[in-house]
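Report on the structure given below.
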Amino acid sequence: MDWNEMSRKDKVKAVLGGLLALAVIAIMCIPAPKLAKMPERETVYFWHQWTGDYAKQAEMICEYFNAYQDKYEVVPLSLPSSANQKLLMSVAGGNPPDIMVQWEAVIPQWADSGLLTPMEEVMSKEDKEFFEKNAFPITNKIARYKGELYAIPTSMGLLGIFYHPEILEANGYKPGEVPQTLE
């Protein structure tokens, strides 16, 4: 049947069917987690969003950790463009990762949805004390939602600093001179 001869209802069905087929193909193209190489150890699945050299660094850190001890095997998986969707699907399917690096502002949504376990439930007293003592106040605040700790920040990114030269000059800086520290 020619597209022009199809009814509106049939066209909608065809388009939706095509979108469904594309979604299935896209899901099938997501790489499967690497199989654990150390079956005698407890497997810890670690999902992250790094690619390229950053992904290689994450894998090297996992390899170093795996060689350092003999209880766990951390298996990394890079999900640069589909991490949120894959997490939601894995939770729905009953097989989420053990650890996930995430840099989008999803903690409130995921915590309210019951997707996250508060860190205090899995941290030792010493871990809690270490975090409270060593975390920068802003990272401690960012990691919390409704008073619960849901994340352990690994870093903070500063992409650029913008300023008004007039404001600097009004505060004693010479034209073209900029502060050399954040303070």
| query | Taking the stretch 44-55 only, how many residues are part of a helix (DSSP H, G or I) and open to solvent by 70 Å² or more (accessible area, probe 1.4 Å)? | reply | 2
| Pick from the stretch 130-150, criterion open to solvent by 80 Å² or more (accessible area, probe 1.4 Å) and more than 18 Å from the chain's Cα centre (by Cα), ranking: nearest to LEU115 (Cα to Cα) | LYS146
| request: Return yes or no: is VAL75 part of a strand (DSSP E or B) and either open to solvent by less than 60 Å² (accessible area, probe 1.4 Å) or farther than 19 Å from VAL122 by Cα (or both)? | output: yes
| request: List the number of the failed condition for MET119; all other conditions in (1) out of contact with any Leu (no Cβ under 8 Å at 6 or more places or on another chain); (2) surrounded by 10 or more Cβ atoms within 10 Å (Cβ to Cβ); (3) closer than 30 Å to GLN85 by Cβ hold. | output: (1)
| Do the conditions hold for ALA111, that is, is it assigned to a loop (DSSP other than H, G, I, E, B), open to solvent by less than 80 Å² (accessible area, probe 1.4 Å), modelled with pLDDT of 85 or more and under 21 Å from HIS48 (Cα atoms)? | no
| said: Return the residues of the stretch 97-108 that are open to solvent by 50 Å² or more (accessible area, probe 1.4 Å) and within 12 Å of GLU148 (Cα to Cα); say none if nothing qualifies. | reply: PRO108
| said: Test of understanding: among ALA36, ALA67, ALA58, which residue is within 29 Å of THR154 (Cα to Cα), at pLDDT 90 or above and surrounded by 15 or more Cβ atoms within 10 Å (Cβ to Cβ)? | reply: ALA58
| query | If you check THR117 against the conditions, is it in contact with a strand residue (DSSP E or B) (Cβ under 7 Å, 6 or more places away or on another chain) and either within 24 Å of ILE142 (Cβ to Cβ) or modelled with pLDDT of 85 or more (or both)? | reply | no
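The values are calculated or read from the model by the stated rules, or taken from the named source; none is laboratory data. These numbers come from a predicted model, not from an experiment. Note that each Cβ is placed from the backbone with ideal geometry, even for glycine, and that neighbours are counted across all protein chains shown. All accessible areas refer to the heavy atoms of the entire protein, side chains included, with ligands and DNA or RNA removed. Shrake-Rupley method; radii C 1.70, N 1.55, O 1.52, S 1.80 Å.
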